[in-house]
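The values are calculated or read from the model by the stated rules, or taken from the named source; none is laboratory data. As the structure is a prediction and not an experimental result, all values here were calculated from the model. Note that each Cβ is placed from the backbone with ideal geometry, even for glycine, and that neighbours are counted across all protein chains shown. The accessibility values were calculated without ligands, DNA or RNA, using every heavy atom of the protein model including side chains. Shrake-Rupley method; radii C 1.70, N 1.55, O 1.52, S 1.80 Å.
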Amino acid sequence: MKKLFALLILGCIVSCSQSPNQTAQLSSAFPLEHLDTNVHACDDFFQYTSGGWREANPIPETEVRWGEFNKLRETNKQRLKDLFNEVAAGAYSKGSDEQLIGDLVASGMDSVARNERGTSELTPFLVEVDGINSLEELFVLMAQNKFYGVSAPVNAYVRTDAKNSKAHALYVGQGGIGLPDREYYLRNDEESMGIQEAYRNHIATMAELTGISIDENAVYALEYALAESMKSRVEMRDAEKRYNPMTISEWQELCPSLPITQYMNELGLQDRGVINSAPEYFSRMESKEFSLETWKQYHKWHIIRGASGSLNDALEIASFEFYQKTLRGKPKMNPRWKRVQGSTGMLGQQVGHLYADRFFPKEHKEEVEQMVEDLREAFRGRIDQLTWMSNETKEKARIKLDAFTYKIGYPNKWEDVSDLEIDRESFFANMKNMSKYFTAKNLAKIDEPVDKSEWGMGAHIVNAYYNPLNNEVVFPAGILQPPFYNPKADAAINYGAIGGVIGHEFSHGFDDQGSKYGPDGNLENWWTAQDKARFDTLTKQLADQYSSYEVLPGVQVNGRLTLGENIADLGGLTLAYYAYKNWKGTKDVEPIDGFTDEQRVFLGWAQVWQSNGRDEYFKNQVTTDPHSPAQFRVSGTVSNMPEFRNAFGCEDGDNLKPLGEEITIW
Ligand SMILES: [Zn+2]
């Protein structure tokens with residue numbers, strides 16, 4: 001599933017822009033003080049559209065990145081804060097969404113009880129590891145602790161079968177490292193070595209705070225071996241290479257020395273076939289060898305790590321110091337209410353339920369539906385005019401486009417979790433109960449058909465996604481607000497903003513990976529060999545373009561990691577532009593604030609990416625995030641669009657591709 005960091009919107013697009021008395025409101029849709037007019041739009045469109053904004057909006061101390069996106073998220077957090085306070089103070093029937101969230105939040109906010117208990121609730125888990133006498137026993141324990149959210153070198157979960165999208169399959173793969181990516185272990189420059197040292201110290205600190213001792217160097221060596229065996233993030237993007245069906249015995253043969261069979265038996269999944277997303281990882285692990293004592297210490301570390309946010313202040317602070325301050329550059333910890341709110345993620349559907357009931361105007365749903373259809377229509381037009389694709393493949397592309405479904409706002413039916421046990425006593429116990437409940441629920445799906453009405457994101461979330469297995473685009477209520485969707489803005493701004501987001505998600509169905517799935521969500525080829533080769537040539541050019549971008553001196557964007565998102569940005573803004581042109585037809589649209597309507601489509605897109613970021617954040621982002629940094633989502637995207645060049649009358653520009661060398665994919 002690709003979560004888009006993007007947004008969406010629309011509303012009264014037609015009536016707003018046709019209403020003559022709304023000029024004042026319209027002009028506020030893109031405040032002019034956000035511009036940096038010392039820079040030319042053709043040279044650096046990101047700085048031009050956000051320089052004033054960036055000056056006026058420094059990054060708060062509790063944030064690593066601050067943009068329009070984050071501001072909207074902050075608004076939603078404040079709304080949820082009030083909502084949570086309300087349900088935490090009330091009495092609701094057991095099993096209702098209000099009771100579950102209210103009691104979870106109340107237990108999380110009870111700092112006195114949490115600090116009094118300290119790490120005592122963790123002790124039984126650690127003592128259990130002490131009693132282990134073989135690697136086989138340890139892997140059985142790892143399977144049991146999987147239900148409590150403890151990560152392990154073996155990962156197993158149920159999701160839609162990529163080659164039979166009506167059924168579920170058991171996926172297995174790599175995992176179990178404590179740093180954000182294998183690259184953090186494998187790099188040997190001075191800065192990376194400093195982070196590795198800080199991580200080892202962090203392991204020792206956390207063990208000490210829990211009252212045990214762990215040999216951090218031995219645990220690190222084991223994690224290094226896992227990291228060295230892993231496929232890279234770029235390799236893991238490849239949907240075909242992730243699809244390796246095998247029996248558990250075949251899987252076990254890849255790595256005879258790891259008790260994989262015992263692990264799967266304990267999960268009750270012994271007779272199942274699996275789809276192995278990283279067979280190479282298991283083969284490579286076969287050459288590594290560690291003592292039972294090191295394995296036990298490794299598992300203890302991950303028990304502690306998995307509980308660091310649900311026990312006392314001391315663990316939370318130590319965890320913040322390493323994972324937030326050292327790794328991402330955040331100077332200051334968030335207040336408790338925000339940390340507790342962040343812990344409600346597993347109840348995302350329930351939180352979304354409360355949010356949507358209270359904050360999503362139902363009429364927005366229809367308006368956004370219309371916008372989605374406008375974008376689909378624009379995509380049809382783009383497919384028709386493509387010069388690099390044959391009619392044969394175009395026909396298949398149209399079939400896929402017509403089959404797209406969408407979800408807007410919130411689910412038609414709410415998930416029932418009324419048998420989940422949450423009370424006001426122990427936050428730690430609540431977190432463990434939730435983890436156990438949802439892990440069991442996921443694994444039990446193996447025998448159930450796929451429910452296409454399920455949502456992969458809470459309705460309150462400021463984000464959107466394309467799910468290739470459902471061939472669907474999804475826009476939660478959380479993102480259907482300004483600056484993404486602004487009922488008071490002119491149509492051009494809305495098409496650039498929410499239209500760009502909708503177009504982005506549509507384009508994911510046709511990016512380098514999404515294009516490998518057919519109209520019914522199955523991994524299947526619908527391309528002629530020649531068209532596929534042409535498509536690959538174009539996408540390689542785009543990858544090379546983004547790999548040439550430097551976000552900080554010496555810190556490069558990885559054009560292959562971000563390829564799917566960059567294709568989606570280019571496709572999305574192009575679709576938004578043509579959807580606007582379709583809407584406009586022969587209408588005469590007056591400029592606003594000196595900007596033509598076509599220019600305002602691009603302002604709408606740029607506005608949602610106005611942001612500042614910390615250096616450490618960018619370093620982490622280029623290694624782990626499939627999205628390019630904001631400046632390239634704006635400048636990199638428009639650099640390939642002759643439509644942008646024409647709208648702003650650019651002869652040439654620092655950011656623009658030379659005339660005729662623009663990359664057009666969709
Ligand atoms: Zn995306």
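What number of residues within the range 540-560 satisfy the criterion of being among the hydrophobic types (A, V, I, L, M, F, W, C) and over 21 Å from N612 (Cβ atoms)?
Filtering the range 540-560 for residues among the hydrophobic types (A, V, I, L, M, F, W, C) gives 542-543, 551-552, 555, 557.
If we keep only those that are over 21 Å from N612 (Cβ atoms) too, we end up with 542-543.
So the count comes out to 2.
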(request) Go through the range 325-340 and give me each residue that's of a type outside the set (A, V, I, L, M, F, W, C), assigned to a helix (DSSP H, G or I) and over 18 Å from the mean Cα position of the chain (by Cα). (result) K325, T326, R336, K338, R339
(request) Take the range 253-307 and flag every residue that is in a helix (DSSP H, G or I), crowded, with 19+ Cβ neighbours inside 10 Å and polar (S, T, N, Q). (result) Q262, Q297
(message) Just checking, does the range 454-477 include any residue being over 15 Å from the mean Cα position of the chain (by Cα), at pLDDT below 95 and of a type in the set (A, V, I, L, M, F, W, C)?
(response) no
(request) Return yes when K94 is farther than 19 Å from A307 by Cβ, part of a loop (DSSP other than H, G, I, E, B) and among the charged types (D, E, K, R) and no when it is not. (result) yes
(request) Hey, can you tell me all the residues within the range 622-649 that are farther than 15 Å from D569 by Cβ and either open to solvent by less than 10 Å² (accessible area, probe 1.4 Å) or in a helix (DSSP H, G or I) (or both)? (result) V622, T623, T624, P642, R645, N646, A647, F648
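With respect to T623, is the statement that it is of a type in the set (V, I, T), touching a residue at least 12 places away in the same chain (Cβ under 8 Å), over 26 Å from D512 (Cβ atoms) and more than 16 Å from the ligand (Cβ to nearest atom) true?
Values: of a type in the set (V, I, T): yes; touching a residue at least 12 places away in the same chain (Cβ under 8 Å): yes; over 26 Å from D512 (Cβ atoms): no; more than 16 Å from the ligand (Cβ to nearest atom): yes.
Spelling it out, it is not the case that T623 is of a type in the set (V, I, T), touching a residue at least 12 places away in the same chain (Cβ under 8 Å), over 26 Å from D512 (Cβ atoms) and more than 16 Å from the ligand (Cβ to nearest atom).
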(request) Among the candidates N522, N471, single out the residue that is on the phi > 0 side of the Ramachandran plot and more than 12 Å from the ligand (Cβ to nearest atom). (result) N471
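Filter the range 429-441 for residues that are of a type outside the set (S, T, N, Q) and within 26 Å of the chain's Cα centre (by Cα) and give the result. Spell out how you get there, then give the answer.
Step one: filter the range 429-441 for residues of a type outside the set (S, T, N, Q), giving 429, 431-432, 434, 436-438, 440-441.
Matches in the range 429-441: M431, K432, M434, K436, Y437, F438, A440, K441.
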(request) Tell me which of these Y465 doesn't satisfy, since it passes every other one: (1) within 20 Å of R73 (Cα to Cα); (2) of a type outside the set (D, E); (3) more than 16 Å from the ligand (Cβ to nearest atom). (result) (3)
(message) I want to confirm something. Restricting to the range 626-658 and keeping residues that are among the aliphatic types (A, V, I, L, M) and away from the ligand (no atom under 16 Å from the Cβ), which single residue is modelled with the lowest pLDDT?
(response) L656
(message) Among the residues in the range 522-541, are any more than 25 Å from Q621 (Cα to Cα) and in a strand (DSSP E or B)?
(response) yes
(request) Specify which of the listed residues (G613, G653) is open to solvent by less than 30 Å² (accessible area, probe 1.4 Å), in the same structural domain as G564 (by TED's automatic domain parsing) and among the small types (G, A, S). (result) G613
(message) Testing Y495 on (1) under 19 Å from E369 (Cβ atoms); (2) more than 16 Å from the ligand (Cβ to nearest atom); (3) in contact with a Ser or Thr (Cβ under 9 Å, 6 or more places away or on another chain); (4) part of a helix (DSSP H, G or I), one condition comes back false. Which one is that?
(response) (3)
(message) As an exercise: evaluate R560 against (1) crowded, with 23+ Cβ neighbours inside 10 Å; (2) at pLDDT 95 or above; (3) part of a loop (DSSP other than H, G, I, E, B) and give the number of the one condition it does not meet.
(response) (1)
(request) Give Y546, Y465 a once-over and let me know the one that is among the aromatic types (F, W, Y) and part of a helix (DSSP H, G or I). (result) Y546
(request) Hey, can you tell me all the residues within the range 567-587 that are in a loop (DSSP other than H, G, I, E, B) and among the hydroxyl-bearing types (S, T, Y)? (result) T586
(request) Could you please find all residues in the range 217-243 being surrounded by 19 or more Cβ atoms within 10 Å (Cβ to Cβ), of a type in the set (S, T, N, Q) and assigned to a loop (DSSP other than H, G, I, E, B)? (result) none
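Which of the residues belonging to the range 338-350 are touching a helix residue (DSSP H, G or I) at 6+ places or on another chain (Cβ under 8 Å) and crowded, with 17+ Cβ neighbours inside 10 Å?
Filtering the range 338-350 down to residues touching a helix residue (DSSP H, G or I) at 6+ places or on another chain (Cβ under 8 Å) leaves 338-341, 343-344, 346-347, 350.
The answer is V340, Q341, S343, T344, M346, L347, Q350.
Test G559 against the stated conditions and say whether it is within 16 Å of the ligand (Cβ to nearest atom) and without any contact (Cβ under 8 Å) to a residue 60 or more places away in the chain.
Details: within 16 Å of the ligand (Cβ to nearest atom): yes; without any contact (Cβ under 8 Å) to a residue 60 or more places away in the chain: yes.
Against the criterion (within 16 Å of the ligand (Cβ to nearest atom) and without any contact (Cβ under 8 Å) to a residue 60 or more places away in the chain), G559 qualifies.
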